[in-house]
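The values are calculated or read from the model by the stated rules, or taken from the named source; none is laboratory data. All values derive from a computational prediction rather than experimental measurement. Cβ placement follows ideal geometry from the backbone for every residue including glycine, while neighbour counts extend to all protein chains displayed.
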Amino acid sequence: MKEQDDKKQVILNALNRGEFVSGQELGEQLGISRAAVAKHIKALQQLGIDIFCVNGRGYKLNQSLPLISQHKLQVLWQQTFTTVCPIEYHAIIDSTNSELMRRLQNKEALSSGHVLVAEMQNAGRGRRGRVWQSPFGANLYYSYYWCFDGGMQAAMGVSIAAGLAVFDTLKALYNLDVELKWPNDVYLQGQKLAGILVELEGQIEGPCHLVIGIGMNIQMPENAAESIEQAWTDLNSHSADVDKNQLVVELTHYLAQRLTQYQRSGLSEMVTVWNTLNAFQGELIELTTGQRQWRGICEGIDELGGLLLRQDGELKSYYGGEISVRRSQ
């Protein structure tokens, strides 16, 4: 299976140069027949990749894809850092978060800062069990492992730190000013750009393991976006020439910085910055969990990462990753 996936990756990289490539040329490059090339092309099309097939000319992508390269990740990492590149690449995976969680459950050794990225997830998850749309090559599917000594209870503000790392990255690379929606969404011009899913395993007060998943829209095809129920945007709509390899490296760098800061002082140094980026600052919002609902004016977050809601002149904090937040109608 891995060998077949590698062949598809070679074909895709060849097509991604923006020119027609003949089946014979692809076959010679891979050491397979033209008929075998055609089967690989069909399999790629079934993943939702738009490939032209023209008799006498060969194959061509309708639109180039922002693909990840393990080699390029390593080169970019080594240009800036002296450590071994911690980023592991997969073409297709069920879920980058699920894979890291499985390794933890199987007692496999992981080092803090280990990253898993993929071109496609066939079982990607958002908050509250929602499916994260994952067309091949179009978006960023990213998970970061971190071992935290403070315990699960002290780790509840990690999604706040992760959101700030996404802000840091997009500001540094593209000079974009995103907004953050509590507890773990990233908005750009009022539309969702990225989501964060933090999963934990460990003890309430002892060492715990965190997997920080980030899904970011990079070049979302319209047909894949038809099933998305909320306003969305992608990075390509706001910045030209997005290099997903560079994005992955910089995101890993800024996540490490924000998590080091969190390890040192919790959210105390981040609250003010987060509140300046609060997508719903000063607005009347609704919080919903299960059958319960609250309304109030959004006043940002407290130093534990709880959402501050002003209700009848009183300021109250709300916690929990399963709370839905929206503007009041």
Criterion: in contact with a Pro (Cβ under 8 Å, 6 or more places away or on another chain) and acidic (D, E) - qualifying residue of D177, D185, D168, D149: D149
Give me the residue from the range 56-74 that is of a type in the set (S, T, N, Q) and at pLDDT 90 or above and, out of that set, nearest to D243 (Cα to Cα). S69
Please find, within the range 181-219, the residue that is surrounded by the fewest Cβ atoms within 10 Å (Cβ to Cβ) out of those that are out of contact with any strand residue (DSSP E or B) (no Cβ under 6 Å at 6 or more places or on another chain) and under 23 Å from R327 (Cβ atoms). G190
Residue check, I68 surrounded by 17 or more Cβ atoms within 10 Å (Cβ to Cβ), in contact with a Phe, Trp or Tyr (Cβ under 9 Å, 6 or more places away or on another chain) and in contact (Cβ under 8 Å) with a residue 24 or more places away in the chain: yes
Of the residues in the range 275-300, those that are out of contact with any strand residue (DSSP E or B) (no Cβ under 6 Å at 6 or more places or on another chain) and buried (at least 19 other Cβ atoms within 10 Å of the Cβ) number 0
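Okay, residues lined up against (1) on the phi > 0 side of the Ramachandran plot; (2) of a type in the set (S, T, N, Q):
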| position | (1), (2) |
| --- | --- |
| L255 | no, no |
| L267 | no, no |
| T288 | no, yes |
| Q293 | no, yes |
| D302 | no, no |
| G305 | yes, no |
| E314 | no, no |
| Y318 | no, no |
Which of the residues belonging to the range 41-62 are within 22 Å of D234 (Cα to Cα) and in contact (Cβ under 8 Å) with a residue 40 or more places away in the chain? L47, G48, I49, D50, L61
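Going through G266, G306 one at a time, which residue ends up being within 20 Å of L164 (Cβ to Cβ) and in the same structural domain as V158 (by TED's automatic domain parsing)?
Working: G306 fails: in the same structural domain as V158 (by TED's automatic domain parsing).
Every option except G266 fails the conditions.
Restricting to the range 96-109, and then to whatever is without any contact (Cβ under 8 Å) to a residue 40 or more places away in the chain and under 22 Å from the mean Cα position of the chain (by Cα), can you tell me which residue is surrounded by the most Cβ atoms within 10 Å (Cβ to Cβ)? Let's see the steps before the verdict.
Here is the first cut: in the range 96-109, the residues without any contact (Cβ under 8 Å) to a residue 40 or more places away in the chain are 98, 102-103, 106-109.
Then keep just the ones that are under 22 Å from the mean Cα position of the chain (by Cα); that gives 98, 102-103.
Numbers: S98: 19, R102: 12, R103: 17.
In this case the residue turns out to be S98.
Find the residue count for the range 137-163, including only residues that are assigned to a loop (DSSP other than H, G, I, E, B), of a type outside the set (D, E, K, R) and more than 25 Å from D234 (Cα to Cα).
Keep residues of the range 137-163 that are assigned to a loop (DSSP other than H, G, I, E, B), which gives 137-138, 149-152, 156-157.
Checking the rest, the ones that are also of a type outside the set (D, E, K, R) come to 137-138, 150-152, 156-157.
Of the ones still in play, those that are also more than 25 Å from D234 (Cα to Cα) are 150-152, 156-157.
Qualifying residue count for the region: 5.
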Give L251, L304 a once-over and let me know the one that is within 23 Å of V115 (Cα to Cα) and touching a residue at least 24 places away in the same chain (Cβ under 8 Å). L251
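Can you confirm whether the range 229-238 contains a residue that is in contact with a strand residue (DSSP E or B) (Cβ under 7 Å, 6 or more places away or on another chain) and closer than 17 Å to A165 by Cα? Full working, then the answer.
So in the range 229-238, the residues in contact with a strand residue (DSSP E or B) (Cβ under 7 Å, 6 or more places away or on another chain) come out as 230-235, 238.
Next cut, closer than 17 Å to A165 by Cα only: 235.
Yes, the range 229-238 contains at least one residue that is in contact with a strand residue (DSSP E or B) (Cβ under 7 Å, 6 or more places away or on another chain) and closer than 17 Å to A165 by Cα.
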